[in-house]
Each structure stands twice: as structure tokens, then as C-alpha cells.
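The block underneath contains the structure these notes are about, expressed in C-alpha cells.
The values are calculated or read from the model by the stated rules, or taken from the named source; none is laboratory data. Note that this is a predicted model, so its numbers are computed, not measured. Here Cβ is always computed from backbone atoms with ideal geometry, including for glycine, and neighbour counts include all displayed protein chains.
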Amino acid sequence: MRTVTVEGSPFLSEDFANGSIVLSNNRTTNVLPLRYNAYEGSLQFREGQDIFSIADQDVKEFELYLSDRNIKFKKGFSADRLDPDKFVALMTDGEASFIVLFSKNLREDISGYGQATQVQEYTDSNEFFVKFGDNSPDRLRSLSSRRVLRSFPSHRDQLERYSDHNNLQLDQIVDVAKLFSHYNSLLEE
């Protein structure tokens, strides 16, 4: 019998974070310890030592209150490679929205010839989308300075200066969200 070792995690974060849920009947829960299973696309909450899964059809949206920011997850966005029944994270919401479909892949039976241990590994498989105004979301193939800056319909020079001045790494989700927030502030001026 082979031993199975699991690397990585199916969860966005292994730890539970405080958050709230908007149920399909539009009622909002009290603050609960939540975690998102990015492999299954499901939500869990903890009550005492017990962990419960919540049926996707019962959840309209949820929000995680993290130490550095809140992240709202919603359904209903439709685009190429984006199922409207999947939760996506609105990293920035406004006239310009930066949307992330957090997901994980499971690679099974990773082992070398003659090894007694079977390795299973969860890896990130996130997809990125941008949405401007009432348009449908467009897929952003990958995060890079060039691709992110080219996705904006205007203010590119100002955004590039802002990115350079603030040392933003546009291959990082949090920094791309900051750039989108700045773009929305430019539109409000």
C-alpha cells in the first residue's frame, strides 16, 4: 500500500476568516468564520469545533474580512471561460472592475518510478477578468505590466506613472487591484 502525501490546499486560505453571507433569499448572516474551497468552488463556515458546508444555490454572495482588505465574492458574471454560476472575487468594483476567479487544480499520483509515496498537489489556477462600465467582462490572459496597462480604455500614461511611483508589481493581484482603484478615482475627478 502506497502512502499518500498532499501538498498545498484546496482552500483560498487554510485559516477561517470572519465574513458574512448574503443568502439567496437576500438575508444577510451575522459575522461567521468562513473559508472558501477554491478547488470545489464551495463555502464553509465553522461553529465551535464543527465545520459546515453551505449549498452553493443557497448563497448569493459572501464577503471575507481580511486583515488588509475585504473581498466580496459574487456570482452572475458571464464571459468566455467564466460560468455565471461560479463565485468570483471582485478585487475592485466600480466603473472599472478587476475580477478574479480563484480556482485550484489537483495533480494526482505525482511520483517517480519505484517510489512508495504518492503525492497529490493542489496548485493555483486563477483566471483574471476586467470589466468596464456595463460591458461584459473580458479575460486577461495573465498578469503583467503590459497586459494590465493595455486593458484600460484611457488614462494609460497616468496609470503607468502611478504604477512606477508606487512600485506596483502588476503580476500581483493586490497591486493590480490598487491600479484599478486608482483608475476609478481618476474617472471621478
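Note on the stretch 162-177: residues that are in contact with a strand residue (DSSP E or B) (Cβ under 6 Å, 6 or more places away or on another chain) and free of Cβ contacts under 8 Å to residues at least 24 places away in the same chain amount to 0.
Do any residues in the stretch 8-36 that are assigned by TED's automatic domain parsing to the domain that holds SER67 have Cβ atoms under 8 Å from those of residues that are surrounded by fewer than 17 Cβ atoms within 10 Å (Cβ to Cβ) and acidic (Asp, Glu), where the two are at least six apart or on different chains, and which pairs are they? The qualifying pairs are GLY8/GLU121; PRO10/GLU40; LEU23/ASP58; SER24/ASP58; LEU32/GLU47; ARG35/GLU14; ARG35/ASP15. Consider the stretch 162-177 and keep the residues that are surrounded by 11 or more Cβ atoms within 10 Å (Cβ to Cβ) and either polar (S, T, N, Q) or farther than 25 Å from ASP80 by Cα (or both). The one that is nearest to the chain's Cα centre (by Cα) is GLN172.
Consider the stretch 124-149 and keep the residues that are among the acidic types (Asp, Glu) and under 19 Å from GLU95 (Cα atoms). The one that is surrounded by the most Cβ atoms within 10 Å (Cβ to Cβ) is ASP138.
When the stretch 150-161 is examined, which residues are found to be within 24 Å of LEU82 (Cα to Cα), surrounded by 15 or more Cβ atoms within 10 Å (Cβ to Cβ) and either without any contact (Cβ under 8 Å) to a residue 40 or more places away in the chain or in contact with a Gly (Cβ under 8 Å, 6 or more places away or on another chain) (or both)? Spell out the reasoning first.
From the stretch 150-161, those within 24 Å of LEU82 (Cα to Cα) are 150-153; that's our starting set.
Among the residues that remain, those that are also surrounded by 15 or more Cβ atoms within 10 Å (Cβ to Cβ) are: 151-152.
Listed by number, the list holds a single entry, SER151.
The set of residues in the stretch 1-44 that are of a type in the set (Val, Ile, Thr) and part of a strand (DSSP E or B) comprises THR3, VAL4, THR5, VAL6, ILE21, VAL22, THR28. Taking the stretch 83-107 as the range and being surrounded by fewer than 18 Cβ atoms within 10 Å (Cβ to Cβ) and either of a type in the set (A, V, I, L, M) or not assigned by TED's automatic domain parsing to the domain that holds ALA38 (or both) as the test, only LEU106 passes. Restricting attention to the stretch 71-85, does a residue exist that is under 21 Å from SER9 (Cβ atoms) and assigned to a loop (DSSP other than H, G, I, E, B)? The answer is no, given that none of the residues of the stretch 71-85 is under 21 Å from SER9 (Cβ atoms) and assigned to a loop (DSSP other than H, G, I, E, B).
The residues of the stretch 22-32 that are among the β-branched types (Val, Ile, Thr) and under 20 Å from SER67 (Cβ atoms) amount to a single one, VAL31.
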